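The values are calculated or read from the model by the stated rules, or taken from the named source; none is laboratory data. All figures in this text were calculated on a predicted structure; none of them were measured in a lab. Cβ atoms come from the backbone with ideal geometry, glycine included; neighbour counts cover every protein chain shown. We work out accessible area using only protein heavy atoms, side chains counted, and drop any ligands, DNA or RNA first. Shrake-Rupley method; radii C 1.70, N 1.55, O 1.52, S 1.80 Å.
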Amino acid sequence: GMLAEMDRDATIARLAAGKAYWRGRKRVEGRWPYGEHPSRDYEGERAVVARIQVLHSSGVSSYAIARTLNAEGTRTRYGKEFTTKTVQNILRRPQP
């Protein structure tokens with residue numbers, strides 16, 4: 001009983017210290033959305049996102065945009081083909 005209470009108290013203290021350490025600091029959890037990663041390695045993604053936005057603003061459907069990108073051999077970050085849903089998700093995000 002007493003050891004379990006000590007362990008619980010130590011765990012609570014450790015978690016509280018971690019929360020205090022990270023409170024107010026900017027950090028990203030999870031993966032960056034397509035085209036928004038700050039690294040220069042992902043500038044190609046930003047160009048694809050800009051192209052998707054231009055095509056959409058000229059009246060091209062999400063399905064047609066996905067087909068066009070796939071026909072040109074453009075792939076997502078993970079090497080997959082673009083789908084209508086992927087294009088819609090990119091268009092739905094707030095633009096910087």
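Looking at the chain, the accessible area is 77 square angstrom per residue; that uses a 1.4 Å probe and ignores ligands, DNA and RNA. Largest to smallest in accessible area, the residues V87, V60 fall in the order V60, V87 (1.4 Å probe, all protein chains included). Remark on the range 1-52: hydrodynamic radius 14.7 angstrom, per the Kirkwood mean of 1/r across alpha carbon pairs.
Angle of helix 62-71 to the longest C-alpha principal axis of the chain, folded into 0 to 90 degrees and rounded to 10: 80°. Cross-link reach is defined here as a Cα-Cα straight distance under 15 Å, omitting same-chain residues fewer than 8 places apart; for K80 the aspartates and glutamates meeting it are E45, E72. Percentage of Cα-Cα pair distances in the range 42-86 greater than 13 Å, rounded to whole percent? Everything past 13 Å amounts to 52 percent.
Over the Cα atoms of the chain, the radius of gyration divided by the Kirkwood radius equals 1.30; this is the Rg/Rh ratio. Of the GluC sites (Glu not before Pro) found in the range 7-96, the ones in coil according to DSSP and having at most 16 other Cβ atoms within 10 Å of their Cβ are E29, E36, E72, E81.
As a fraction of the 1.4 Å probe accessible area of the chain, surface on carbon and sulfur atoms comes out at 56 percent. For the chain, the residue among G59, G30, G79 whose Cα projects farthest onto the positive side of the dipole built from Cβ charges is G59.
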